[in-house]
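Asker: Sharing a structure here in structure tokens format.
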Amino acid sequence: MGPCNHRSFLCFLKNVADVLTYIRNSWGNAAPAVTASEVKTLRKALAR
């Protein structure tokens with residue numbers, strides 16, 4: 001894997017958000033989409 005630059009990190013956050021949205025909406029659930037911003041906020045909170 002190459003070096004992590006700003007653009008690839010944003011792509012990573014978007015991919016995580018997409019997977020979480022998929023999981024939350026599986027099996028007939030109707031949860032709102034998870035955003036990359038929410039993933040970033042949670043990662044920051046958990047890093048403390």
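Asker: Any chance you could count how many residues in the stretch 24-40 are β-branched (Val, Ile, Thr) and at pLDDT below 95? Working first, answer last.
Answerer: Here is the first cut: in the stretch 24-40, the residues β-branched (Val, Ile, Thr) are 34-35, 39.
Then drop every residue that is not at pLDDT below 95, which leaves none.
Residues meeting the conditions: 0.
Asker: Starting from the stretch 1-14, keep only residues that are within 19 Å of Leu42 (Cα to Cα), then list their pairs with residues that are modelled with pLDDT of 65 or more and not in a loop (DSSP other than H, G, I, E, B) whose Cβ atoms are within a distance under 6 Å, requiring at least 6 positions of separation or different chains.
Answerer: Close Cβ pairs (under 6 Å, with a partner that is modelled with pLDDT of 65 or more and not in a loop (DSSP other than H, G, I, E, B)) amount to Leu13/Ala36; Leu13/Val39; Leu13/Lys40; Lys14/Ala36.
The values are calculated or read from the model by the stated rules, or taken from the named source; none is laboratory data. What you see is a predicted model; the values in this text were computed from it and never measured. A quick note on method: Cβ atoms are made from the backbone with ideal geometry, for glycine too, and the neighbour counts reach across all protein chains shown.
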